[in-house]
Amino acid sequence: MNDALASHELESGPSTALTRAHAGRYTGSMADADRKCAKRRFMDFLAQKNLRLTAQRQAIIETAFGTQKHFTAEQLLAWSRRRDKSVSRATVYRTLPLLTESGLVREMDFGKDYKFYDPNYAEHPHHNHIICQDCEKIVEFESEKIEKLENEISHRLGFAVRAHRLQITASCEELKKLGACKKKGG
């Protein structure tokens, strides 16, 4: 990847493909393979914990790994109910900690009264986020410059990077240009 940032805008609702400039294009078929792998790994995780794979949990798993978009618990509930109307709020809230404990989904705190969940973490752990504080639009990006700087600083201070998390809170250009954002409240 060159010095330009590779980014992918993530809005509310399920998505189809994710484009990455890292080692060429990250295609839809690659994303499908990653989601299938993550889904299989999560089902193995459930089996190791002797937890049943109920129809509700299956709908939640299909939904969580069927999108590259960040989501809240309430969004996951609404999307999962499109697959199976019987999905309960309690099952979503019991499944989310399992998804994060498995390491396949990352819980993110952007200073709101609720958390966001990142389903792209397992296959792409070295990405960063910018979130609009007004409309909650989330943009993922990767930067070799940032990664190099993190490694240089860590090495200089006697550390080896195991993980990193960069979250930037900002206002999107649409709000600055138009005085309002069509994504706000939607």
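The values are calculated or read from the model by the stated rules, or taken from the named source; none is laboratory data. These numbers come from a predicted model, not from an experiment. Counting neighbours? That spans all protein chains shown, and the Cβs are built from the backbone with ideal geometry, glycine included.
I'd like the residue in region 146-170 that is of a type in the set (Gly, Ala, Ser) and part of a loop (DSSP other than H, G, I, E, B) and, out of all such residues, is farthest from the chain's Cα centre (by Cα).
Going through region 146-170, the residues of a type in the set (Gly, Ala, Ser) turn out to be 154, 158, 160, 163, 170.
With the extra rule that they be part of a loop (DSSP other than H, G, I, E, B), the set shrinks to 158, 160, 163.
On the way: GLY158: 30, ALA160: 25, ALA163: 16 Å.
Ranking the qualifying residues of region 146-170, first place goes to GLY158.
Residue under question is LEU5, and the condition is that it be in contact with a Ser or Thr (Cβ under 8 Å, 6 or more places away or on another chain), of a type in the set (A, V, I, L, M, F, W, C), outside the structural domain of CYS172 (by TED's automatic domain parsing) and at pLDDT below 50; does it hold?
Numbers: in contact with a Ser or Thr (Cβ under 8 Å, 6 or more places away or on another chain): yes; of a type in the set (A, V, I, L, M, F, W, C): yes; outside the structural domain of CYS172 (by TED's automatic domain parsing): yes; at pLDDT below 50: yes.
Spelling it out, LEU5 is indeed in contact with a Ser or Thr (Cβ under 8 Å, 6 or more places away or on another chain), of a type in the set (A, V, I, L, M, F, W, C), outside the structural domain of CYS172 (by TED's automatic domain parsing) and at pLDDT below 50.
The sole residue among PHE65, PHE110, PHE45 that is under 27 Å from GLU147 (Cα atoms), modelled with pLDDT of 90 or more and surrounded by 12 or more Cβ atoms within 10 Å (Cβ to Cβ) is PHE65.
Conditions (1) surrounded by fewer than 20 Cβ atoms within 10 Å (Cβ to Cβ); (2) at pLDDT 85 or above, marked per residue:
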{"residue": "LYS85", "(1), (2)": "yes, yes"}
{"residue": "ALA90", "(1), (2)": "yes, yes"}
{"residue": "THR95", "(1), (2)": "no, yes"}
{"residue": "LEU99", "(1), (2)": "no, yes"}
{"residue": "PHE116", "(1), (2)": "no, yes"}
{"residue": "GLU136", "(1), (2)": "no, no"}
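Contact map, region 147-163: residues that are charged (D, E, K, R) paired with residues that are part of a loop (DSSP other than H, G, I, E, B), Cβ distance under 6 Å, separation 6+ or inter-chain. Pairs shown: GLU150/VAL161; GLU150/HIS164.
Within region 141-168, the residues that satisfy the criterion of being exposed (fewer than 12 other Cβ atoms within 10 Å of the Cβ) and of a type in the set (A, V, I, L, M) are LEU149, ILE153, LEU157, ALA160, ALA163, ILE168.
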